[in-house]
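One structure below.
Every read-out reported here was derived from the displayed coordinates using simple, explicitly stated rules and does not represent laboratory data. Small disclaimer: the values here were computed from a predicted structure and weren't measured. All Cβ positions, glycine included, derive from the backbone under ideal geometry; neighbour counts span all protein chains shown.
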């Protein structure tokens, strides 16, 4: 597959992220006493071929990747772990060279950690990455694997040539579920994306209603105070003073509403935690930007009737 035109790298993995549950088991770390029941170290297990991390764009943080020489049944066991594994089970220790094993087979010899890679989400983007141990394929083989291919163009354009390569080796080998990784990730995000779009629609509608509400309230107030405004103008009040008076009242309403809204948002923000990625439910920038935007819209709604009031002719106003 690597020799196909447009292919930058190719490898294989037992369970693709976001595409079904991966294997899981207990992990042991050499030199530590056997854990008591309920204190075992759980871990996600994946089997890969050399080059998997390069294909998937998973960064190598420490040590080295698997090589072709590692993928031999006669070589000693070697493992690669992710950052969450190091953070949870080896915090403050040097992970490279540590001896670990996983309860995945009849015989589970200890092997050294030769590399540490970046974290990868599993079946959902709203869950923290789990401690993960990667085997080389010949040390934990699976009857089914998923080929992963990084291309420089449309990945699905290579589906046909890739099928022919596999069928050339074994015509009876079943091949299923050929998809672009972008599609798999998009399907994983679909629920969160729909919820976000729905909430965005409600938010925009609320913003529009707030602006209309402020405008309607102050327009009615200006109508009720037409004679008062006429007297003020007749006594020499400048248009800017009239505008400031009306907009100031709108600003006080906005300030009061914003304070109540922020208090309510802080109280209910935990309900949105599952829809947030890369930002906390009490993100300071959000709590500054959104009230500022609402304030601008509301003040624009207040300025329009204020500007109209400042242009009233005193005699016409007094006749009202």
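Note on residue 54 and residue 170: their simple-model spin labels are 2.6 nm apart, each label 7 Å out from Cα toward Cβ.
When Rg/Rh (Cα atoms, Kirkwood Rh) is calculated directly from the model, which label among (i) 0.96; (ii) 1.10; (iii) 1.26 fits? Derived directly from the coordinates: (iii). For the chain, the longest principal axis of the Cα atoms and the long axis of helix 284-310 meet at an angle of about 20 degrees.
Looking at region 7-179 alone, DSSP beta bridges between its own residues are antiparallel in about 70 percent of cases.
How high is the relative contact order of region 1-60, given as a whole-number percent (alpha carbon pairs under 8 Å, six or more residues apart)?
It comes to 40 percent, rounded to a whole number.
By the beta-carbon count within 10 Å of each Cβ, the least crowded to most crowded order of 189, 194, fewest first, is 194, 189. Counting only alpha carbon atoms, the long axis of helix 239-268 and the longest principal axis of the chain meet at about 30°.
With a Förster radius of 41 Å applied to the beta-carbon distance between residue 103 and residue 159, the computed FRET efficiency rounds to 0.65. Using R0 = 45 Å, the C-beta based FRET efficiency linking residue 177 and residue 39 works out to 0.75. As I understand it, the value is the acute angle between the Cα axis of helix 181-224 and the longest principal axis of the Cα atoms of the chain; what does it come to in degrees, rounded to 10? Here the helix axis deviates by roughly 10 degrees. As a length-normalised measure over Cα pairs under 8 Å and 6 or more apart, the relative contact order of the chain settles at 19 percent. Across the alpha-carbon set of region 7-179, the Rg to Rh ratio works out to 0.98, Rh being the Kirkwood radius. With Cα atoms defining each centre, region 41-63 and region 1-31 are spaced 7 Å apart in the structure.
The gain in end-to-end length when the residue 191 to residue 87 segment is fully stretched comes to 34.4 nm, 0.36 nm per residue minus the alpha carbon separation.
Quick check on region 60-113: take the gyration tensor over C-alpha atoms, sort the square-rooted eigenvalues as a ≥ b ≥ c, and tell me if it's rounded (a/c under 1.5), prolate or oblate. Oblate shape, in that a/c is at least 1.5 and b/c is the bigger or equal ratio.
If each residue's Cβ is checked for other Cβ atoms within 10 Å, how do 212, 246 rank with the fewest at the top?
212, 246
The helix-only estimate of mean residue ellipticity at 222 nm for the chain, built from DSSP H runs of length n ≥ 4 each weighted as -39500 (n - 2.57), is -14500 deg cm²/dmol after division by the residue total.
Would you mind ranking 62, 98, 91 by Cβ crowding within 10 Å, fewest neighbours first?
91, 62, 98
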